[in-house]
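Quick notes on the structure that follows.
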Amino acid sequence: MPPFTVLHVCMGNICRSPMAERLLVLAVRERLVRRDVDPPRADELLHSHSAGTGGWHAGEEMNPPAARQVITRGGSTAGFAARKLRSDHIDAADLVLTATADQQEYVVALRPDAASRTFVLGEFGRLLATLDPAGLPAAEATPQAVHARGVAVVEAVHAARQGSALLPTDDLDDPWGRGDQCFTRVADEIEETVQPLAVILLP
């Protein structure tokens, strides 16, 4: 059983999606610590990775202000290299979280069968808050349990968005070229989704 796989997508893959990738890993590790489970096992339970629709930054490190946000919050930027989004990244993902509605449309145009598991990050967080976890599979710190619970969460959030519309506030601003204050705000908004996701996966 592969780990529950979350793909984060933005334009250049050096600011928003790398922060989301690493802040979700951090949130899961923090949940494991609370459950007295060895944090290195986070990689067995969840695979969080990212890519960009543009691809022109392929091979680059995380943008320095984005890296500062990850590091100061307790995460790691080790081993990160930007890459261009490919169809197989989408095919292998249980959940795709995009920075903006335009990028959601890009993913779905590339892989229409991924529509039910592709969300704008803010939209996913907003709808996640409406779920009743009582109907989800049992929460255990095993790859099988986390995968089953994660897939059920994605299905429930997809059902919750039927008949609802995206909000302008669901998009993440692009902080590239802007100051640390903007990066801090965007990282805070990312945490508003990835931390509750980690909590519902590992309550």
Quiz prompt | All positions within the range 105-130 that are without any contact (Cβ under 8 Å) to a residue 60 or more places away in the chain, under 12 Å from residue 9 (Cβ atoms) and under 16 Å from the mean Cα position of the chain (by Cα) | solution = 114, 118, 119, 120
Practice problem: Would you point out the residue of the range 91-130, among those that are part of a helix (DSSP H, G or I) and of a type in the set (Ser, Thr, Tyr), that is nearest to residue 165 (Cα to Cα)? | Solution: 116
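Residues are listed down the side, and each one gets a yes or a no for (1) under 17 Å from residue 187 (Cα atoms); (2) modelled with pLDDT under 95; (3) open to solvent by 40 Å² or more (accessible area, probe 1.4 Å):
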position	(1), (2), (3)
1	no, yes, yes
5	no, no, no
12	yes, no, no
24	yes, no, no
37	no, yes, no
Quiz item: When only residues in the range 131-146 that are part of a helix (DSSP H, G or I), over 14 Å from residue 197 (Cβ atoms) and touching a residue at least 12 places away in the same chain (Cβ under 8 Å) count, which is least open to solvent (accessible area, probe 1.4 Å)?
Solution: 143
Exercise. Identify all residues within the range 162-193 that are of a type outside the set (Gly, Ala, Ser), outside any helix (DSSP H, G or I) and surrounded by fewer than 17 Cβ atoms within 10 Å (Cβ to Cβ); write none if there are none.
Key: 162, 166, 167, 173, 174, 178
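The values are calculated or read from the model by the stated rules, or taken from the named source; none is laboratory data. Since we're looking at a predicted model, the values are computed, not measured. We place every Cβ from the backbone using ideal geometry, glycine too, and count neighbours over all the protein chains shown. Ligands, DNA and RNA are stripped out before the accessible areas are found, and what is left, the full protein with its side chains, is counted by its heavy atoms. Shrake-Rupley method; radii C 1.70, N 1.55, O 1.52, S 1.80 Å.
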